[in-house]
Amino acid sequence: PMTLVGIIANPASGKDIRRLVAQAMVVDNQAKVNIIRRVLVGLEAMGVARALIMPDTGQLGRLAMARYKAPGASMHVDLLDMPWAGDTADSVRAARLLRDLGAACIITLGGDGTVRAVSKGAGEVPILPISTGTNNIVPTMVDGTVAGLAAGALATGLVARETVASRHKWLQVMPKDGEEDRALVDVAVARGRFTGARALWAVEDLRRIIVTRADPSTVGISALAGAAYPLAPSEPIGLALTLTASTDVEHVGRRVRGLLGPGLIVEAHVQELRIIEIGETLSIAAEHTGAGANARAVPDALVLALDGEREITLHPGQRATVRLCDDGPWLVDARAALLDLAHRGLLQQHE
């Protein structure tokens, strides 16, 4: 069968509010075009027959195709034939279409939000994420050529999925009377004070954090959890933290410091931390703030941020559940793929 690899590049990644409130890196569209071109070089070198790129508002795929000229290139490169609107739904739709077309791997350019969207449509198709976003817990900084070589090796059967990819945990988010959504890394529950920006960056608004992984050396919501309890992606558990705005020592179990955004070190007050098991379901509902005579008569609205982006608002009387699952997307480790090829002598040429 003809080997097919898909490429989904998010033109909006790396350009959110965290460039204003922190010192986040900007990844411009030209840089993304160059990454796609390098991906195509790697795929071509591994003998992939066909690459399809999601169309987008930044014309990333079209520009990359126009400038891609591998010596003696035989790989067929084209844009996916699909409607597109310039929003997150494009990535979901593109992933589903690539899955239906029989893609062996999907390479993404973006942050956690991009991988999250692609995972909704990819099914069992492995995803190789290249970091070009702000929250980059799942995607890694990998050269486009290396990513292309790794995805190409997987597509052509030179490496096995089980050897170079692993399933990621995920959080199933179910608003009552709403549609199922998901997070791969974290669900943050925040006071619904301001919802004009999708990115969540004000630590004083945070009320609860639920994570599949936690690492103090990363950037984002899960870095705060990692400061209290480091948790590897491979461990079959999650964490749930309850935060408080109180600085009263009696009400604070521990204080943690972490990177909420690049260059943005914050302190959070953790009231409770507990381990959650695979399959365990947590309930979230708007609650009264204050106590006694000072209690608010009307509960706060709550905003749920999924992998760093505000997605769901719970108004007074509404609730949602969050469930930890272990059957998330297959994520490809590009380094593991190339090491596997090297150990088996598949990167050598004998005279």
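Read-outs: derived from the displayed coordinates by stated rules, not from any lab. Small disclaimer: the values here were computed from a predicted structure and weren't measured. Quick reminder, even Gly has a Cβ in these numbers, built from the backbone with ideal geometry, and neighbours come from all protein chains shown.
Apply the a/c threshold of 1.5 to the C-alpha gyration tensor of region 83-146 and tell me whether it is rounded, prolate or oblate.
Judged from the Cα gyration tensor, region 83-146 comes out oblate (a/c at least 1.5, b/c at or above a/b).
For the chain, give the magnitude of the charge dipole about the Cα centre (Cβ charges: +1 Lys/Arg, -1 Asp/Glu; no others), in debye to the nearest 20.
Dipole magnitude for the chain comes out near 520 debye.
How do the peptides 48-54, 148-154 rank, highest first, by the average count of neighbouring beta carbon atoms within 10 Å per residue?
In descending order of packing, they fall as 148-154, 48-54.
Given Ala223, Leu154, Leu109, which one lies farthest toward the positive end of the charge dipole of the chain, if we put +1 on the Cβ of every Lys and Arg and -1 on the Cβ of every Asp and Glu?
Checking the options against the dipole of the chain, the answer is Leu109.
Once you keep just the Cα pairs under 8 angstrom separated by 6 or more residues, what percentage relative contact order results for the chain?
RCO, the chain: 19 percent.
Can you give the angle from 0 to 90° between the axis of helix 112-122 and the longest principal axis of the chain, with both taken from C-alpha atoms, to the nearest 10?
60 degrees
How much net charge surrounds Pro83 when only other residues with a Cβ under 11 Å from its Cβ are counted (Lys, Arg +1; Asp, Glu -1)?
-1
Under 14 Å between alpha carbons, and skipping anything fewer than 8 positions from Lys32 in its own chain: which aspartates and glutamates qualify?
Partners within reach: Asp56, Asp143.
First check a/c for the chain, with a ≥ b ≥ c the square roots of the eigenvalues of its C-alpha gyration tensor; if it is under 1.5, answer rounded, and if not, answer prolate when a/b is larger than b/c or oblate otherwise.
Prolate shape, in that a/c is at least 1.5 and a/b is the bigger ratio.
Rounded to the nearest 500, what is the chain's calculated 222 nm mean residue ellipticity when only DSSP H runs of at least 4 contribute -39500 (n - 2.57) each, over all residues?
Computed ellipticity for the chain at 222 nm equals -7000 deg cm²/dmol.
Please list, in order along region 46-61, the HN-Hα scalar couplings obtained from phi with the Karplus expression 6.51 cos²θ - 1.76 cosθ + 1.60 (θ = phi - 60°), rounded to whole Hz, x for Gly and Pro.
Per-residue couplings from phi come out as 8, x, 5, 7, 8, 10, 10, 10, 5, x, 8, 5, x, 6, 4, x Hz.
Can you tell me the 0 to 90 degree angle between the C-alpha axis of helix 334-343 and the longest principal axis of the chain, rounded to 10?
Compared with the principal axis, the helix lies near 40 degrees.
Over the chain, with a Gaussian network built from C-alpha contacts below 10 Å, which listed residue (Ala202, Ala147, Ala190) shows the highest mean-square fluctuation?
Of Ala202, Ala147, Ala190, the Gaussian network model singles out Ala202 as fluctuating most.
Give me the distance in nm between label points sitting 7 Å out from Cα along the Cα-to-Cβ direction at Thr244 and Ala301, one decimal.
Using points 7 Å along Cα→Cβ, the separation is 2.8 nm.
Whose amide H sits under 5 Å from the amide H of Arg319, counting only residues 5 or more places off or on another chain, with H placed in the peptide plane?
Under 5 Å from the amide H of Arg319 lie the amide H atoms of Lys176, each far enough along the sequence or on another chain.
Which ³J(HN,Hα) values in Hz, rounded to whole numbers, follow from the phi angles of region 317-323 under the Karplus curve 6.51 cos²θ - 1.76 cosθ + 1.60, where θ = phi - 60° and Gly and Pro get x?
In residue order, the calculated couplings are x, 9, 9, 8, 10, 10, 10 Hz.
Quick one: among Gly178, Gly220, Gly86, which has the greatest mean-square fluctuation in a GNM of the chain with alpha-carbon springs under 10 angstrom?
Gly178
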